[in-house]
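The values are calculated or read from the model by the stated rules, or taken from the named source; none is laboratory data. Only a predicted model underlies this, so the values are computations on that prediction, with no experimental measurement involved. As a convention, Cβ positions derive from the backbone with ideal geometry for all residues, glycine included, and neighbour counts pool all protein chains shown. Each accessible area value is taken on the protein alone, full model and side chains, heavy atoms only, with ligands, DNA and RNA left out. Shrake-Rupley method; radii C 1.70, N 1.55, O 1.52, S 1.80 Å.
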Amino acid sequence: MRETSAHHWINNDYVAGSGPRTPVINPATGETIAEFAHATAHEIDKAIEASTRAQREWWAMSALDRAAAMHRVADRMVEMSRTTGEVLTREMGKPFRESNWEGGASASSFRYYAEIARNEQGRVAGPAIAGQLHMVVKEPLGTIVSIVPFNFPILLFGWQAAAALAAGNAVIVKPSELTPMTLLTLMRAFDHLPAGLVQVVTGGAEVGQMLVAHEHTHGVAFTGSVPAAQAVARAASQRFKPALIEASGNDAFIVMPSAPMDAAVRGAAFAAFLNCGQVCTSAERFYVHESVYDEFVSGLAAMAKSLRVGNGLDKIDVGPMASVRERDRVEKIVNRAVEQGANVVTGGRRPAALSAGAFFEPTVLEVSHDMDIMHGECFGPLAPVCKVRDLDEAIARANDSQLGLGANIYTEDLAEAFRAVNEIETGIVWVNTPLNDNDAIPFGGRKFTGAGRELGAEGLEQFRRSKMVMIAPTAQPDPEWFPYPDSDAFNA
Ligand code: NAD
């Protein structure tokens, strides 16, 4: 990481940062593996000057050439995915299989947007004046500020950047303080694009704020927690910049008696413990029908116990949490639940054999809906399970939330599935297929989870503006103009 440590990626080059530095710590070992620099106002100005130039060059290219360049990005991301995956596992801990997967999954969104962006760039309307051409032309916004969290840095940056670039914009990304090296390493996949089109400046919230508030950035794509999202949305609103906001989730997971129990239990374990529970769409609240509750709890506890916890570069299923601070936060949530009467079925502790890292055991708890653990985002390896009488109660509980990202139901009763799809107040509903996504359909949430959508045609629209264009074939005077005829006067 010599090339990337304490550097930014500005104008297609690694540039040593001149601001204060913060260590990057491997959460599996506690070792410092690199540093990141906090970008200064001068460095941010330099990056924005470069992006302004590059965006003009990019938009002047043909749509076909832009598409070809984006396919090349996707190829490079796939070629580099083992390298970026190793860096990602070292800086935030997730199993290498998951880190390696991100490169290909992110590349897939570049391929999708490479093609749909050249499919259309506006539309022609029936003319309001005979013989004229009336249309809406879609234009890029300019420079997009991308602010991403630590949990899926390659994937989530890719979702934002692929749509923004395809729409003709430049992108400056501010990575999470926990995962700056991954995106810096990834930048080699973009070095064939106009210099400055995609750049990385590192730092904390202050750097994100400077980018969002800057006079010469034009749109924002944010993924992260609710308080940070609110701060970003407030700053963006000062200059009326469009802001795509993807914030927290606390997804419900409903299990009904018609579901095959083995699939429901394995799906639940994956939804709760993938990436050590640090997925915006992690299943955070389980509502299980009383007739299958005991079987589900014992099955999920057995699955949780069987998961191998350890360093993400080893043969394991679950890595550490991304930092000691995150681990301590999750530990407090468990302690509070126990104080409120929760029963810890398995887990609930730091594994004794892994004291150097930020590890926490996959945990299954029996809870009631009124406990705090069911009313926030845990963002850790916790599966709190609550017994419900019927589907009415499950849906009511699922909807009793300030957040509205996703929801899962396991059922093979079609009527129950339809009810869940229609009645759950979230942006995503998964029936028997937890946590999957598709580049071609929009991803996002309701309520405090945010505003706007990523992926699909909707995702492209986030980064384009409409221009109304009217063309008369010849320059003729219009009968509507002055002078007005006297016969139209009130007292004619
Ligand atoms: P975070 O909010 O702490 O940080 C996210 C990013 O925002 C980081 O780059 C951070 O430096 C920056 N930031 C923080 N405060 C800021 C401010 N005031 N102004 C500008 N930038 C600021 O989130 P995190 O801990 O990295 O990630 C976890 C959160 O992200 C969870 O809540 C999770 O649900 C959410 N998330 C949501 C989605 C989604 O699609 N809805 C996807 C992944 C993660």
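What does DSSP give for the stretch 251-431 in terms of the percent of beta bridges that are antiparallel, rounded to the nearest 5?
Values: 3 of 25 bridges.
Once the DSSP bridges in the stretch 251-431 are tallied, antiparallel ones form about 10 percent.
Rg and Dmax of the stretch 124-277, Cα atoms, in Å?
Considering the stretch 124-277 through its Cα atoms, Rg and Dmax are 20.1, 66 Å.
Test of the criteria: in the stretch 116-214, which GluC sites (Glu not before Pro) are in a DSSP loop and have at most 16 other Cβ atoms within 10 angstrom of their Cβ?
Numbers: sites: E120, E177, E206; in loops: E120, E177.
Here the GluC sites (Glu not before Pro) that fit, given the DSSP loop and packing criteria, are E120.
Pairs K174/K241; K241/K467; K305/K387; K46/K174; K46/K467: which are spaced more than 19 Å apart, C-alpha to C-alpha?
Numbers: K174/K241 17 Å; K241/K467 16 Å; K305/K387 21 Å; K46/K174 15 Å; K46/K467 29 Å.
Among K174/K241; K241/K467; K305/K387; K46/K174; K46/K467, the Cα-Cα distance tops 19 Å for K305/K387; K46/K467.
For the stretch 354-492, what is the percent of antiparallel DSSP beta bridges, rounded to the nearest 5? Intermediate values should be presented prior to the final figure.
On the way: 3 of 11 bridges.
The antiparallel fraction comes to roughly 25 percent.
Using a 7 Å offset from the Cα along the Cα-to-Cβ direction at both D488 and A396, what is the distance between the two label points in nm, to one decimal?
In this crude label model, D488 to A396 measures out at 6.2 nm.
What are the radius of gyration and Dmax of the stretch 251-431, computed over its Cα atoms and given in Å?
Cα only, the stretch 251-431: 15.5, 50 Å (Rg, Dmax).
With a 1.4 Å probe and all protein chains left in place, how much of the accessible area of the chain comes from carbon and sulfur atoms, in whole percent? Don't skip to the end; give the middle numbers.
On the way: 11070 of 20820 Å².
Ligands and nucleic acids excluded, carbon and sulfur give 53 percent.
How much length is gained on full extension from R465 to R82, taking 0.36 nm per residue of separation minus their Cα-Cα distance?
Numbers: separation 383, 0.36 × 383 = 137.88 nm, distance 3.69 nm.
Fully extending the segment from R465 to R82 adds 134.2 nm.
In nanometres, what is the gap between the two model label sites at A440 and S355, each 7 Å from Cα along Cα-to-Cβ?
5.4
Can you tell me the accessible area per residue over the chain, all protein chains present, probe 1.4 angstrom, in square angstrom?
Working: 20820 Å² over 492 residues.
In whole numbers, the chain has 42 Å² accessible per residue.
If ligands, DNA and RNA are left out, what is the accessible area of V309 with a 1.4 Å probe, given in Å² to the nearest 10?
Near enough 40 Å² of accessible area.
Need one number for the stretch 160-239: average projected area of the convex hull over its C-alpha atoms, nm².
5.5
Please compute the net charge surrounding P194, taking Lys and Arg as +1 and Asp and Glu as -1 over other residues with Cβ under 15 Å from its Cβ.
Summing Lys and Arg as +1 and Asp and Glu as -1 gives -1.
How high is the FRET efficiency from S298 to A16, r the C-beta distance, R0 56 Å, rounded to 0.05? Provide the component values of the computation, followed by the final result.
On the way: r = 56 Å, r/R0 = 0.99.
Taking R0 as 56 Å, the efficiency between S298 and A16 is 0.50.
When the helices in the chain are scored as -39500 (n - 2.57) per DSSP H run of 4 or longer and the sum is shared across all residues, what 222 nm value do you end up with, to the nearest 500 deg cm²/dmol?
Calculated from helices alone, the mean residue ellipticity at 222 nm is -11500 deg cm²/dmol.
With helices defined as uninterrupted DSSP H runs, which ones in the chain have an alpha carbon span along their own long axis of at least 15 Å and mean Kyte-Doolittle hydropathy of at least -0.5? Write down the numbers at each step before the final one.
Details: long enough: 41-60 (29 Å, -0.94); 63-79 (24 Å, -0.13); 81-92 (16 Å, -0.78); 96-116 (31 Å, -0.71); 153-166 (19 Å, 1.52); 226-238 (18 Å, 0.41); 261-273 (18 Å, 1.08); 293-306 (20 Å, 0.28); 324-339 (22 Å, -1.02).
Counting only whole DSSP H runs, the qualifying helices are 63-79, 153-166, 226-238, 261-273, 293-306.
Not counting the cut sites, what is the longest span of the chain without chymotrypsin sites (Phe, Trp or Tyr not before Pro) that DSSP labels loop and that have at most 12 other Cβ atoms within 10 Å? Can you show the working numbers first?
On the way: sites that count: F240, W481, F490.
Looking at the chain, 241-480 is the longest stretch - no exposed chymotrypsin sites (Phe, Trp or Tyr not before Pro) with at most 12 other Cβ atoms within 10 Å.
Out of residues 5 or more away from W430 or on other chains, whose amide H comes under 5 Å of its own, with H placed 1.01 Å from N in the peptide plane?
Residues meeting the amide H criterion: A407, N408, I409.
For H8, H192, give the ranking by accessible area with the largest first, probe 1.4 Å.
On the way: H8 0, H192 75 Å².
Result, largest first: H192, H8.
Once the Cβ-Cβ distance between H71 and A130 is put in as r, and R0 is 30 Å, what FRET efficiency do you end up with, to the nearest 0.05? Can you show the working numbers first?
Working: r = 43 Å, r/R0 = 1.44.
After rounding to 0.05, the efficiency reads 0.10.
What's the center-to-center distance, using Cα atoms, between the stretch 339-365 and the stretch 17-51 in Å?
Taking the Cα centre of each part, the stretch 339-365 and the stretch 17-51 sit 33 Å apart.
If each of D191 and R389 carries a label point 7 Å out from its Cα toward its Cβ, how far apart are those two points in nm?
6.5
Of all beta bridges DSSP finds with both residues in the chain, what is the antiparallel percent, to the nearest 5?
Around 45 percent antiparallel, to the nearest 5.
Using only alpha carbons, build the gyration tensor for the chain and give me the equivalent ellipsoid semi-axes, biggest first, whole Å.
On the way: eigenvalues 373, 188, 73 Å².
Working from the Cα gyration tensor, I get semi-axes of 43, 31, 19 Å.
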